[in-house]
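The values are calculated or read from the model by the stated rules, or taken from the named source; none is laboratory data. This one's a predicted model, so the numbers in the text were calculated from it and none came from an experiment. Positions of Cβ are generated from backbone atoms using ideal geometry, with glycine treated the same way; all protein chains shown enter the neighbour counts.
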Amino acid sequence: MNVLILGGGGREHALAKKISESPLCEKLYIGPGNPGTSEYGENLDLDLLDTSSVARALDDYSIDLAIVGPEQPLVEGLRDALEQMSALENRIFFGPGQSGARLEGSKGFAKDFMRRNGIPTAGAQVFDSTQIELAVAHIRSIDPPFVLKADGLAAGKGVVITSDRVEAEREIRELLGGRFGDSSKTILIEDFLDGREFSVFALTDGHRFVLLPEARDYKRVGDGDTGPNTGGMGSVSPVAFVDDLMREKVLTRIVKPTIEAFEKEKIDYLGFVFFGLIEVSGEPYVIEYNVRMGDPETQSVMMRLESDLLSHMVELGRGEPLSPVRISPRSSATVVLCSEGYPANPRKGDRIEGLHELEGVQIFHSGTRREEGGSIVSWGGRVLSASSTADSLSQALEHCYAAAKHIRFDGMHYRKDIGR
Ligand code: AMP
Ligand code: GLY
C-alpha cells in the first residue's frame, strides 16, 4: 500500500523509518518531510493547513493510508474537510476529526470530558475574558503554586506555573486580555499536582485500542529541569518508576475509560491518543491529552516497537482482528540538539558537520534543510535528535551523547542530564 505521513519533524522522521520497514508499505511519501525523511520515502511539498493540496496529494499518489503527525491540522478540522470533499473514501486516515481533536484543542473540553467520565485529573476552575476579576479573586483565595492554562493551542507556551501571586495575577490579565488570541480567551486555573510525569500512547479506532510503550519527556530547556519550557529536549523509554502496577492503573482508570467515553459520547476517533500523565503518591492523573504522537517521545518509542506499526493501523482502520503489540525489553533514549536561542528565538542557517553514520545511534532530523550543493543547515529550534536502543538505559545514553559530541553546528546546545 501507499502511505503518506503528514508533518516534517523528528517525530515524522521516526515514523517514516518505522513505516518503511513494514512489508505492507509499497511507496512512502512524507509531506513536507525533511532531509532525513527523504532517506525512507519521497518528500512532497505540502502545506498541511491547505486542505485542497492534501486532498490532491491523496489522489495524485494513490494514498491508501495517511498519518497526521502534528495537532494543528487536526484541531482545525483537516479530517472533516477531507471527508466533505469525499477525499477519504477507501482510504485510512489516521488522525481524529474535530470532535476528537478537541481533547487537545480545548483544555476546558478535555477537563469536562474527564470529569464526566470519572477519569482522574487535577481540579480546575474555568474563567473567560469577562471574568478577569473573578479569576484574580480566585488566585487570592488559593495557595501557590498557581497553574494557569490557556484553553486553546498556544504552541506549547500556554501553561504558566508560578508561586508568585503578583505574577499570576499579571499573567491572568495578559492571557485573558488575548495574549494568544482566541486560544487564551478562556483559561483554566488548575490545582498543582506534585509528582513525576510520564506518557502513554494508544492507537485506537474509538472502540478498540493497542498500547505502545510508555516514555518520559524532558520539557525544560536546562539541566535539572530549569529554564523555559520547550517542545521536549529528550526522552527515554521505558520509565524507571513505571512498574506493572502503575501500568495496570493507567490501563483500567485512564486508557479504557477514555476509549469507552469515545463510544458513549459518539466521538468518532481513528488515530493516536497521547496520555500525558503524572504519578502522585502512587496514583496516576491525566495532565493533558494530545491527539497525536509526541516529539521526541516517538523517536524513543518507535525504536522499542518490534511489531509492525503499519499493520496495527490497518487493522484498526479496517476493523480487522488486532495483532498483539510486541515491545523490546531494551531501553531507548533520545537527546535533542537545539539551535542557538531555542526556545525563545531560535537561529536558522547554521551549517551542520559530523552527520555521518555512528555506530549504535540513529539520527533523526527535526529542523534541518538541505542547501544547494548538499550541505545540511539548521532550520528550526530543535534541529536533530540522537536516539539509541541498548540493553541498558545508560548504554543507550552513552551512544546518544557520543553522537552529540560528534555533531557540530554554531550555537548547538542540548541537555546533559537526559535519563539521569
Ligand atoms: P501541558 O501543556 O498541559 O502538558 O502542561 C505543560 C507542563 O506543565 C506539564 O508537562 C507539566 O510539567 C506542567 N503542568 C501542567 N499541569 C500541571 C498541574 N496541574 N500540576 C503540576 N504541573 C502541571
Ligand atoms: N514532547 C511533548 C509533545 O510532543 O507534546
| note | Among Pro284, Pro228, the single one that is more than 13 Å from ligand 2 (Cβ to nearest atom), under 21 Å from the mean Cα position of the chain (by Cα), surrounded by 20 or more Cβ atoms within 10 Å (Cβ to Cβ) and assigned to a strand (DSSP E or B) is Pro284
| Which one of Gly227, Gly234 is under 17 Å from Ser385 (Cβ atoms) and either modelled with pLDDT of 95 or more or not hydroxyl-bearing (Ser, Thr, Tyr) (or both)? | Gly234
| task | Evaluate segment 257-270: report whether one residue or more is buried (at least 18 other Cβ atoms within 10 Å of the Cβ), among the aromatic types (Phe, Trp, Tyr) and under 29 Å from Val361 (Cα atoms). | result | no
| note | If you go through Arg56, Arg11, the only one that is among the charged types (D, E, K, R) and within 17 Å of the chain's Cα centre (by Cα) is Arg11
| request: Scan segment 334-345 and report the pairs whose first residue is over 10 Å from Gly232 (Cβ atoms) and whose second residue is of a type in the set (Asp, Glu) and in a loop (DSSP other than H, G, I, E, B), with Cβ atoms within less than 8 Å and a gap of 6+ or a chain change. | output: Ser339/Asp350; Glu340/Asp350; Glu340/Asp410
| query | Taking segment 381-396 on its own, how many of its residues are buried (at least 24 other Cβ atoms within 10 Å of the Cβ) and not basic (Lys, Arg)? | reply | 7
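For every residue, the table says whether it meets (1) modelled with pLDDT under 95; (2) among the aliphatic types (A, V, I, L, M); (3) within 16 Å of ligand 1 (Cβ to nearest atom).
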| site | (1), (2), (3) |
| --- | --- |
| Asp244 | no, no, no |
| Lys249 | no, no, no |
| Lys264 | no, no, no |
| Val273 | no, yes, yes |
| Ser300 | no, no, no |
| Leu322 | no, yes, no |
| Ser331 | no, no, no |
| Leu337 | no, yes, no |
| Gly341 | no, no, no |
| said: When you check Val236 against the structure, is it assigned to a strand (DSSP E or B), within 14 Å of ligand 2 (Cβ to nearest atom) and closer than 21 Å to Gly95 by Cβ, yes or no? | reply: no
| request: Select from segment 1-30 the residues that are part of a strand (DSSP E or B) and touching a helix residue (DSSP H, G or I) at 6+ places or on another chain (Cβ under 6 Å) and write down the one among them that is farthest from Ala81 (Cα to Cα). | output: Leu28
| note | The number of residues in segment 19-34 that are within 21 Å of the chain's Cα centre (by Cα) and crowded, with 20+ Cβ neighbours inside 10 Å is 6
| Taking strands (runs of 3 or more DSSP E) that do not extend beyond segment 108-201, which have at least 1 residues that are surrounded by fewer than 15 Cβ atoms within 10 Å (Cβ to Cβ), touching a residue at least 12 places away in the same chain (Cβ under 8 Å) and more than 9 Å from ligand 1 (Cβ to nearest atom)? | 124-128
| request: Test Arg216 against the criterion of being within 16 Å of ligand 2 (Cβ to nearest atom), surrounded by 14 or more Cβ atoms within 10 Å (Cβ to Cβ) and not acidic (Asp, Glu), and give yes or no. | output: yes
| task | Mind counting the residues in segment 40-67 that are in contact with a strand residue (DSSP E or B) (Cβ under 9 Å, 6 or more places away or on another chain) and surrounded by fewer than 14 Cβ atoms within 10 Å (Cβ to Cβ)? | result | 3
| remark: Checking Ser307, Ser300 in turn, the sole residue that is without any contact (Cβ under 8 Å) to a residue 24 or more places away in the chain, of a type in the set (Gly, Ala, Ser) and not in a strand (DSSP E or B) turns out to be Ser307
| note | Note: among Ser62, Ser86, just one is in a loop (DSSP other than H, G, I, E, B) and within 22 Å of His13 (Cα to Cα), namely Ser62
| message | Out of everything in segment 202-224 that is assigned to a loop (DSSP other than H, G, I, E, B) and within 26 Å of Val68 (Cα to Cα), what residue ends up being modelled with the lowest pLDDT? | response | Lys219
